[in-house]
Amino acid sequence: MRSASLQRNVQISFLTAVAMALHLVESTLPPLPVPGAKIGLANVATLVALKFVGFWPAVAVAAIRSTLGSALAGKFLGLGFWMSFGGATASALIMGLGLRLTPRNASAVWASLAGATAHASVQMAIAIRVLGQPTLLVSFPLLLGLSLITGVFIGLVCDGLDKPLHRFIVDRDRRNRR
Amino acid sequence: MKIRREHLLIALVLVVGIGLVYYGMTRRGPAATPGTRLRITSEPRGSEKTISVQPLVAGLDDIIEVEGPLGITVVEVDGTRAHVVSSPCPDKICIKMGWLERPGEYAACLPNRVLAEVLSPEEQ
C-alpha cells in the first residue's frame, strides 16, 4: 500500500475511533430537556475530517461511526440506525459543501450550522415518512432551534481545535513528504 | 481575542436558536375545552392502520393498549389528560414526552409506529 493511502486510512480509522469515543462520552451526559434531542459531539470528528483529511474520508467517518454505533447498541438496520445514519451522512455532505462555500479563514461554525440544519431536517423527514403523520412538524421549530445552538457549539469546538490539529496532522504530513 | 464581525453574527444565530427553543417549549395549544379528544394511530402487525378516538373528560380513566410492530404500547387516560406508560421501543421517547392535555400536544413512538395526539373539538 502506498504510504499516502495508508496514512489516509489511518487518519480515517483514528477519527472514527474518536467519534465513537465522543458518542460514548455523550451518552453518559445528562440528556437535553427535549426527548430525542442530542448535542452531537461525534460531529466534531466529522468536521475535523472535512477540514484536515478530505470530503469523502469525512463522509466515511460519519457513515462508519453511525453504523458501528447502532451495531454496538444492538439496533443495526433498525429505525434508530436509519435515523442516525441518514442524519450523520447528510450532515457530513452538507458540511463539506458549507466548508467549500465559506472563505478559508471563516469560522467552522457556518459549516457546522449547515450540517446541523441538514441533520434535523433529514431526521424530521424520516419521522414523518415512517408515521405518515405531518402533525409531527409542529415540533420542528424546537428541534431546529436546538440544532442551531448545538451547531454553534460544535463549530466553536472545531475552531478551538484548529491550531493544535494543524500541528498534529498537517505538519506531520509535510515532514513525511520531505 | 479580538472580536470580529463574524463572532457577532454567530451570537445572532445563537439568539435565534434560543428564541426558537423558547418558542417551541412555551408555545402551547388552546386550553382544553369540553369535546377535546385523544386520537391514537397505530399499525398492528399484518393489518391496516388503526385509529382509536377517545374523549378526554374529567373523571373518565382508562387504559388503552395498541399493537405495533414491536409489541404493545400502553396509554393511560387520566380524565382530561393522557400519557404513554409503557412501550416496547428501545429509547422510550414516547414515555418521556410526558402528559398530553392540550390540543396539538402529542407523543410519538417511531419504532412501534404509534402516535397519540390531542384533538380540539373541531378537528376530525
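Would you please name the residue that is surrounded by the fewest Cβ atoms within 10 Å (Cβ to Cβ), looking only at residues in segment A:1-31 that are within 14 Å of another protein chain (Cβ to nearest Cβ) and over 18 Å from the mean Cα position of the chain (by Cα)?
Per the stated criteria, the residue is A:Pro30.
Restricting segment A:109-143 to residues that are in contact with a Gly (Cβ under 6 Å, 6 or more places away or on another chain) and more than 9 Å from every other protein chain (Cβ to nearest Cβ), which is farthest from B:Ala108 (Cα to Cα)?
In this case the residue turns out to be A:Ala111.
B:Arg39 is checked against (1) under 19 Å from B:Gly98 (Cβ atoms); (2) surrounded by fewer than 11 Cβ atoms within 10 Å (Cβ to Cβ); (3) touching a strand residue (DSSP E or B) at 6+ places or on another chain (Cβ under 7 Å); (4) not aliphatic (A, V, I, L, M) and fails just one. What number does that condition carry?
With (1) under 19 Å from B:Gly98 (Cβ atoms); (2) surrounded by fewer than 11 Cβ atoms within 10 Å (Cβ to Cβ); (3) touching a strand residue (DSSP E or B) at 6+ places or on another chain (Cβ under 7 Å); (4) not aliphatic (A, V, I, L, M) applied to B:Arg39, the lone miss is (2).
Please go through segment B:55-97 and give me each residue that is under 24 Å from A:Ser139 (Cα atoms), away from chain A (no Cβ under 11 Å) and part of a loop (DSSP other than H, G, I, E, B), ordered by number.
B:Leu56, B:Thr80, B:Ser87, B:Pro88
Would you kindly identify the helices (runs of 4 or more DSSP H) lying entirely within segment A:66-178 that contain at least 1 residues that are under 18 Å from the mean Cα position of the chain (by Cα), of a type in the set (Phe, Trp, Tyr) and surrounded by fewer than 21 Cβ atoms within 10 Å (Cβ to Cβ)?
The helices (runs of 4 or more DSSP H) meeting that bar are A:79-101, A:140-165.
Please verify whether segment A:33-43 includes one or more residues that are among the hydrophobic types (A, V, I, L, M, F, W, C) and not in a loop (DSSP other than H, G, I, E, B).
Initially, segment A:33-43 is screened for residues among the hydrophobic types (A, V, I, L, M, F, W, C), giving A:34, A:37, A:39, A:41-42.
From what is left, the residues that are not in a loop (DSSP other than H, G, I, E, B) are none.
Within segment A:33-43 (the criterion being among the hydrophobic types (A, V, I, L, M, F, W, C) and not in a loop (DSSP other than H, G, I, E, B)), the answer is no, since none of the residues qualifies.
If you check B:Leu60 against the conditions, is it under 30 Å from A:Thr117 (Cα atoms), hydrophobic (A, V, I, L, M, F, W, C) and surrounded by fewer than 14 Cβ atoms within 10 Å (Cβ to Cβ)?
Answer is no for this residue.
Return the residues of segment A:144-155 that are more than 7 Å from chain B (Cβ to nearest Cβ) and of a type outside the set (A, V, I, L, M, F, W, C); say none if nothing qualifies.
Passing the criteria: A:Ser147, A:Thr150, A:Gly151, A:Gly155.
Any chance segment A:47-56 includes a residue that's of a type in the set (A, V, I, L, M, F, W, C) and assigned to a loop (DSSP other than H, G, I, E, B)?
yes
When you look at B:Arg113, is it in contact with an Asp or Glu (Cβ under 6 Å, 6 or more places away or on another chain) and touching a residue at least 60 places away in the same chain (Cβ under 8 Å), yes or no?
yes
Being touching a residue at least 24 places away in the same chain (Cβ under 8 Å) and away from chain B (no Cβ under 13 Å) is the filter here; which residues of segment A:88-108 pass it?
A:Ala88, A:Thr89, A:Ala90, A:Ser91, A:Ala92, A:Leu93, A:Ile94, A:Met95, A:Gly96, A:Leu99
Since every read-out is calculated from the coordinates, none of them should be taken as a lab result. What you see is a predicted model, and the numbers here were worked out from it, not measured in a lab. When we count neighbours, we look across all protein chains shown, and the Cβ atoms used for this are built from the backbone with ideal geometry, even at glycine.
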